[in-house]
Amino acid sequence: MRLKTISALIITCLVFTIIYSSKAFAFVDAAGIAGALGQIKGVKEGKKVSGEYEKNEMMVDKMDGTIMVLSPDDPKPVALQTFSTVEKGDVLTVYDKSWVILKNHKGDRIGIDSGTVVAIDEFFIQGPDRQVRLLLQKGILHLKTNGSGSRQSFFEVNTGNVVTSVNEVQANLNYAGNKNLLSVQFFNGKMTVIDKDNEQKFKTEYVEHNWENGKMAEEEPVPVDELDKVNYNRFFDGEDPLGNPDSNILLAENSKNNPAAFVPGNFQANQSNIVANIIASEILSSNGPTPEATEAKKAYIQGKESFNQGRFQEAKENWEAALTLLPHYKDAMNRLKNLSKSHPELKIDDFEWKQGETVPKTR
């Protein structure tokens, strides 16, 4: 009897030893695999890469290219990856031909386009409260945010001496820091821009306003271009803007003749090429545009590029060229009129357009 008891104890000890050995081996094996994957991905210590993230962090949802982040506790910038996290104090630099979309636990999406530098000055989420402040030094932000009814909540983007406050909104912000020039495209939602003089609440959907040196440049907004609406959605879907020669057979065959090189993910650089697919499709149809209409569209987009970079004389010349080709080009007319009011030194005449005229009247 005694021998049987001893035998039973020995067998029990052996079973427990086997079970715990298996668990220990599994743990070591999992740790080894994780470490190997970390080396393969090039994960650097000090920047978490995980499928999970804390409430006071934002995680990379989608990205392409090179995005570097500089943290206050690390003198060396680290390259972001999918599932990397960023937090308060981090400064993100998005290099040429690159872009990234960040998400948080409130469901907000912040798109950062090529050539952009932005700092996360404040980021705090607790219960119903959401406190976000971004310092946009230069470049383009695409915002798709949810609302927050908490009185303690705010979501702000600082651009020089202008603050853009949003709640639930879809919008684009384009800031040329060296010129202190801000262009805001408002699609829908709730947005207020606070400058040195007053507050501008956006009430009309799909409009654009501009600020120069802290002051609103025009009294009346201009309509947002249809293609800008389309490409806003394409950005958040991770798709290239319209105008990519690789996505259009006609453009791919004629890419050598296309002077506007396509830059993936670069909303601003693609403005001059963004209409190419639309134009190509219209050319193939029986009701395609005339050569004058095609050239007018190109001149109009080039004028927007010049304006966003603070080259107002170039913008004036391009929009005048567009109106010379198409005397009833409403968007070009509106932008030129606003430019005339905000920059009287350009000496832009008031235009009176009549049926059949091909050139503007001069005084």
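The values are calculated or read from the model by the stated rules, or taken from the named source; none is laboratory data. As the structure is a computational prediction, the values presented were derived from the model and not from experiment. Don't worry about glycine lacking a Cβ; one is built from the backbone with ideal geometry, like all the others, and counts go over all protein chains shown.
Is there a residue being charged (D, E, K, R), within 18 Å of F123 (Cα to Cα), more than 16 Å from the chain's Cα centre (by Cα) and surrounded by fewer than 17 Cβ atoms within 10 Å (Cβ to Cβ) anywhere in the range 70-79? Checked the range 70-79: at least one residue is charged (D, E, K, R), within 18 Å of F123 (Cα to Cα), more than 16 Å from the chain's Cα centre (by Cα) and surrounded by fewer than 17 Cβ atoms within 10 Å (Cβ to Cβ).
The residue of the range 179-210 that is farthest from E226 (Cα to Cα), among those that are polar (S, T, N, Q) and out of contact with any helix residue (DSSP H, G or I) (no Cβ under 7 Å at 6 or more places or on another chain), is N198. Taking the criterion of being touching a Leu at 6+ places or on another chain (Cβ under 9 Å) and either under 17 Å from I110 (Cβ atoms) or at pLDDT below 95 (or both), the residues of the range 50-76 that qualify are M58, M59, V60, D61, M63, I67, M68, V69, K76. Can you find a residue that is under 32 Å from the mean Cα position of the chain (by Cα), modelled with pLDDT of 80 or more, in a helix (DSSP H, G or I) and of a type in the set (S, T, N, Q) anywhere in the range 341-358? No. How about the range 199-243: which of its residues are of a type in the set (F, W, Y) and at positive phi? Listed by number, the list holds a single entry, Y206. Restricting the search to the range 201-229, which residues are under 20 Å from V166 (Cβ atoms) and surrounded by fewer than 19 Cβ atoms within 10 Å (Cβ to Cβ)? Answer for the range 201-229, where residues must be under 20 Å from V166 (Cβ atoms) and surrounded by fewer than 19 Cβ atoms within 10 Å (Cβ to Cβ): K201, K203, T204, E205, Y206, V207, G214, K229.
Out of Q126, Q152, one residue alone is surrounded by fewer than 17 Cβ atoms within 10 Å (Cβ to Cβ) and farther than 15 Å from N104 by Cβ. It is Q152. Could you please find all residues in the range 178-225 being among the hydrophobic types (A, V, I, L, M, F, W, C) and under 19 Å from L336 (Cβ atoms)? Within the range 178-225, L181, V207, W211, M216, A217, V222, V224 qualify.
Exactly one residue out of K97, K103 is modelled with pLDDT of 95 or more, within 18 Å of F236 (Cα to Cα) and of a type outside the set (G, A, S): that is K103.
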